[in-house]
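Visitor: Have a look at the structure that comes next, please.
The values are calculated or read from the model by the stated rules, or taken from the named source; none is laboratory data. What you are looking at is a predicted structure, and each value in this text was computed from that prediction instead of being measured. Counting neighbours? That spans all protein chains shown, and the Cβs are built from the backbone with ideal geometry, glycine included.
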Amino acid sequence: MKKDEKAKNPSKLISSNKKASFDFLLFDKFEAGICLLGTEIKSIRKNGANLKDSYIKLTDDLEAYLINCHISPYEFGNIYNHEPRRERKLLLNKKELLKISNKVKQEKYTIVPTKMYFSNQYVKLEIALAKGKKLYDKRESKKQADINRDINQNLRRI
């Protein structure tokens with residue numbers, strides 16, 4: 001397997017944000033590194049992380065931060081333990097940050113995390129530019145998922 005293929009295919013999935021694909025229409029996806037503390041890495045390896053209700057915030061000086069992502073405190077971390085919901089800086093190229101910030105400002109996109117996974121020994125975060133779905137779009141998505149599930153169940157019975 002080539003290095004590029006391994007980066008695209010997460011080797012070990014830590015957490016995914018299934019609600020993001022339900023609430024948003026996802027467009028461009030980017031891979032970002034995360035600045036983590038030692039106790040956060042140990043806790044992720046043991047317990048995982050929760051991306052539910054988390055989002056990405058861009059600052060004026062072109063930095064991206066992961067907000068509201070819950071990483072449980074490490075049980076053996078004592079006084080060096082981390083804050084579970086602290087802001088974590090994302091590591092992206094300047095070109096990627098400029099592209100993302102232009103889309104957010106001009107075309108009113110939002111940035112949502114979709115997956116967190118290990119790529120070799122590093123924790124990576126897949127983020128996506130997204131636009132919110134309307135209520136009727138959500139109903140249509142649910143209806144389509146129900147139809148697909150029924151078709152798959154009927155095919156298994158045959």
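Conditions tested, residue by residue: (1) within 14 Å of residue 30 (Cα to Cα); (2) exposed (fewer than 14 other Cβ atoms within 10 Å of the Cβ); (3) in contact with a Lys or Arg (Cβ under 7 Å, 6 or more places away or on another chain).
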residue	(1), (2), (3)
58	no, no, no
67	no, no, yes
72	no, no, no
75	no, yes, no
92	yes, no, no
96	yes, no, no
101	yes, no, no
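Visitor: On to the next question. Might you check whether a residue that is of a type in the set (A, V, I, L, M, F, W, C), over 17 Å from the mean Cα position of the chain (by Cα) and outside any loop (DSSP other than H, G, I, E, B) occurs anywhere in the range 78-87?
Guide: yes
Visitor: Would you be able to say whether some residue in the range 34-54 is part of a strand (DSSP E or B), over 11 Å from residue 115 (Cα atoms), touching a residue at least 60 places away in the same chain (Cβ under 8 Å) and out of contact with any Pro (no Cβ under 8 Å at 6 or more places or on another chain)?
Guide: yes
Visitor: When both residues are 6+ apart or on different chains and their Cβ atoms are under 6 Å apart, which pairs have a first residue that lies in the range 7-22 and is within 26 Å of residue 146 (Cβ to Cβ), and a second that is assigned to a strand (DSSP E or B) and modelled with pLDDT of 85 or more?
Guide: From the range 7-22, the pairs are 13/117; 15/49; 15/116; 16/115; 17/113; 17/114; 20/112; 20/114.
Visitor: If you don't mind, another one. Test residue 100 against the criterion of being closer than 21 Å to residue 18 by Cβ, within 17 Å of the chain's Cα centre (by Cα), part of a helix (DSSP H, G or I) and of a type in the set (A, V, I, L, M, F, W, C), and give yes or no.
Guide: Criteria not met by residue 100.
Visitor: Checking the condition among the charged types (D, E, K, R), without any contact (Cβ under 8 Å) to a residue 12 or more places away in the chain and part of a helix (DSSP H, G or I), which residue from 138, 105 passes? Break it down into steps so the answer makes sense when it comes.
Guide: Details: 138 fails: without any contact (Cβ under 8 Å) to a residue 12 or more places away in the chain.
105 is the lone residue from the list that is among the charged types (D, E, K, R), without any contact (Cβ under 8 Å) to a residue 12 or more places away in the chain and part of a helix (DSSP H, G or I).
Visitor: Determine which single condition residue 126 fails, assuming it passes every other condition in (1) assigned to a helix (DSSP H, G or I); (2) surrounded by 11 or more Cβ atoms within 10 Å (Cβ to Cβ); (3) out of contact with any Phe, Trp or Tyr (no Cβ under 6 Å at 6 or more places or on another chain).
Guide: Among (1) assigned to a helix (DSSP H, G or I); (2) surrounded by 11 or more Cβ atoms within 10 Å (Cβ to Cβ); (3) out of contact with any Phe, Trp or Tyr (no Cβ under 6 Å at 6 or more places or on another chain), the lone unmet condition for residue 126 is (1).
Visitor: Looking only at the range 108-123, how many residues end up being more than 20 Å from residue 51 (Cα to Cα) and assigned to a strand (DSSP E or B)?
Guide: Of the residues in the range 108-123, 0 are more than 20 Å from residue 51 (Cα to Cα) and assigned to a strand (DSSP E or B).
Visitor: Quick check on the range 18-41. Is at least one of its residues within 15 Å of the chain's Cα centre (by Cα) and polar (S, T, N, Q)?
Guide: Yes, there is a match, as at least one residue in the range 18-41 is within 15 Å of the chain's Cα centre (by Cα) and polar (S, T, N, Q).
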